[in-house]
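*Asks:* Please read through the structure below; I'll follow up with questions.
What follows draws every value from the coordinates through simple rules; no lab data is involved. None of these values were measured; they are calculated from a predicted model. Virtual Cβ from ideal backbone geometry, glycine too; neighbours counted across all protein chains shown.
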Amino acid sequence: MTTQNLDTIARAMVAVGKGILAADESTGTIKKRLDAISVESTEESRRSYRDLLFSAAGAAEFISGVIMFDETIRQSSSDGTPFPELLNRQGILPGIKVDKSTKPLAGCPDEPITDGLDGLRERLAEYADLGARFTKWRGLLKIGDGMPSRTAIATNAHALARYAALSQEAGLVPIVEPEVLMEGPHTIDRCREAIEETLSVVFRELYLQRVRLEGMILKPSMVTAGSECPQQVTIAQAAEETVQTMRRHVPAAVPGITFLSGGQSEEVATEHLNAMNAVGPHPWQLSFSYGRALQQSALHAWRGKQENVQAAQAAYLHRARMNGLAQRGAYRPDLEKELAA
Ligand code: 13P
């Protein structure tokens, strides 16, 4: 794999009008999502749900790639087509989450550190064989009393860069995800400080570890007030502060920034992305790599019933379309009804 191939894949992941579906919930997280619709989490229910998303006809117009979980990349559609092939046939890039979730960080027991570097080179080679073209690793930072600590930021940034370098070595585009959690009573100023500090350390580590910026994607949190902060801010303010923060800390060589939704409602996540793109042009593409904000309506439309598959696919396609418009700065809330299936 040449560096040119990495760059080409990275650019395709942030093609204009498209973004990424994060369907890489771990077994524990997908169980929570299925519990919410009273569906038992089994290998088969998880497969059926992902099958519904991955086989939704027309998604490729708005979805450039899908991030899968280890179990999922080995599963197949109901007609026997392996999921990576199902996605490829539609022109959607198959991706894989390669971290092994978090453990408490030694010395900072209230803060998480992401596991999964041991044996990563071998696992990456296997994922490439299974058809993956890109990967994801999520570092998690909490805002609170003395948090995120310098220790947590430095340790997570180091792991993210080690992962990204190994991923590029394997010919797979890394999505570098330093998530600063939205949960908590913190103000937008605290959030911004935490994201600024984190991004500055992450890009220093990426440089030290020789990660090719043209061949990676950044997946950050947006700058917003904490979920329990009494002083909530407008969509326009969050968008403006997020854009300014990205301009300060993300080199123009990075082809794209795909935000996570982090617990924002579907429509708020779309509005934020739109507001950021409406004040472009920017040095990079600003797009989405949403989990909950692309799946919430679809999950609730499905409720585990075969007869609801079409309605669930329509709900997913609708969100994908709305976010595709937001990627171009062309979304309006009244389109929610106008373009609903
Ligand atoms: P959310 O958009 O639900 O935050 O999920 C994106 C993701 O991949 C988090 O790791």
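*Asks:* Pull up the cross-link candidates among the lysines for K219, meaning alpha carbon to alpha carbon under 30 Å and not fewer than 8 places away within one chain.
*Replies:* K18, K31, K32, K97, K100, K103, K136, K142, K337
*Asks:* With +1 on each Lys and Arg Cβ and -1 on each Asp and Glu Cβ, how big is the dipole of the chain about its Cα centre, in debye rounded to the nearest 20?
*Replies:* Details: 37 positive and 42 negative charges, 104 e Å.
That gives a dipole near 500 debye.
*Asks:* While we're on this one: If you filter the range 150-227 for chymotrypsin sites (Phe, Trp or Tyr not before Pro), then keep DSSP loop positions with at most 15 other Cβ within 10 Å, what is left?
*Replies:* Within the range 150-227, no chymotrypsin sites (Phe, Trp or Tyr not before Pro) qualify (loop, at most 15 other Cβ atoms within 10 Å).
*Asks:* Here's another thing I want to ask about it. Determine, for each peptide in 329-335, 59-65, 124-130, the mean count of other beta carbons within 10 angstrom over its residues, then list the peptides with the highest first. Intermediate results must be reported in sequence, preceding the final value.
*Replies:* Details: 329-335: 14.1, 59-65: 22.6, 124-130: 16.6.
Averaged packing, sorted descending, gives the order 59-65, 124-130, 329-335.
*Asks:* When only DSSP loop residues count, what GluC sites (Glu not before Pro) in the range 216-288 have their Cβ near at most 14 other Cβ atoms within 10 Å? Write out the running numbers ahead of the final one.
*Replies:* Values: sites: E228, E240, E241, E266, E267, E271; in loops: E228.
Filter output for the range 216-288: E228.
*Asks:* Select from the chain the helices, each a whole stretch of DSSP H, whose alpha-carbon atoms run 24 Å or more along the helix axis and whose Kyte-Doolittle mean is at least -0.5; answer none if there are none. Walk me through the numbers on the way to the answer.
*Replies:* Numbers: long enough: 150-169 (28 Å, -0.08); 188-208 (30 Å, 0.10); 309-327 (27 Å, -0.18).
Long hydrophobic helices here: 150-169, 188-208, 309-327.
*Asks:* Another question about this same structure. Let me have the 222 nm mean residue ellipticity of the chain computed from DSSP H runs of 4+ only, each contributing -39500 (n - 2.57), with the sum over all residues rounded to the nearest 500.
*Replies:* Numbers: 13 runs with 157 residues, N = 341.
Dividing the helical sum by the residues of the chain leaves -14500 deg cm²/dmol.
*Asks:* Please work out the Cα center distance from the range 1-62 to the range 222-276, rounded to the nearest Å.
*Replies:* That distance is 22 Å.
*Asks:* Calculate the FRET efficiency for R204 and E183 from the Cβ-Cβ distance with a Förster distance of 25 Å, rounded to the nearest 0.05.
*Replies:* Details: r = 27 Å, r/R0 = 1.07.
Efficiency, rounded to the nearest 0.05: 0.40.
*Asks:* Using the reciprocal of the averaged 1/r over all distinct C-alpha pairs, how large is the Kirkwood radius of the chain in Å? Before the final figure, lay out the partial values.
*Replies:* On the way: mean 1/r = 0.0501 Å⁻¹.
One over the average 1/r among Cα pairs gives 19.9 Å for the chain.
*Asks:* Related question: Using +1 at the Cβ of each Lys and Arg and -1 at the Cβ of each Asp and Glu in the chain, identify which of W302, L317, G144 lies farthest towards the dipole's positive end.
*Replies:* L317
*Asks:* Regarding the range 188-341, what's the average projected area of the Cα-atom convex hull, expressed in nm²?
*Replies:* 10.3
*Asks:* Just the number, please: percent antiparallel of the DSSP beta bridges in the chain, rounded to the nearest 5. Walk me through the intermediate numbers first.
*Replies:* On the way: 6 of 35 bridges.
If I count the DSSP bridges inside the chain, around 15 percent turn out antiparallel.
*Asks:* Tell me, in nm to one decimal, what length is gained between R328 and A314 on full extension, where the rule is 0.36 nm per residue of separation less the Cα-Cα distance?
*Replies:* 2.9 nm
*Asks:* Compute the relative contact order of the chain as a whole-number percentage, counting only Cα pairs closer than 8 Å that sit 6 or more residues apart in sequence. Provide the component values of the computation, followed by the final result.
*Replies:* Details: 683 pairs, mean separation 63.4, N = 341.
Computed over the chain, the figure is 19 percent.
*Asks:* Computed over the Cα atoms of the range 144-245, what is the ratio Rg over Rh, Rh following Kirkwood? Walk me through the numbers on the way to the answer.
*Replies:* Working: Rg = 14.7 Å, Rh = 14.4 Å.
Ratio of gyration radius to Kirkwood radius: 1.02.
*Asks:* What's the extension gain from Q90 to H300 if we count 0.36 nm per residue and subtract their Cα-Cα distance?
*Replies:* On the way: separation 210, 0.36 × 210 = 75.60 nm, distance 2.51 nm.
Contour length minus the Cα-Cα distance gives 73.1 nm.
*Asks:* While we're on this one: Would you please state the base-10 log of I(q)/I(0) at q = 0.24 1/Å for the range 1-98, with intensities from the Debye formula using one equal scatterer on every alpha carbon?
*Replies:* -1.28
*Asks:* Now for a different question. Across the range 285-341, what fraction of all alpha-carbon pairs, as a whole percent, falls in each successive 5 Å bin from zero upward?
*Replies:* Calculated over all Cα pairs of the range 285-341, the distribution is 4, 21, 26, 23, 15, 7, 3, 1 percent.
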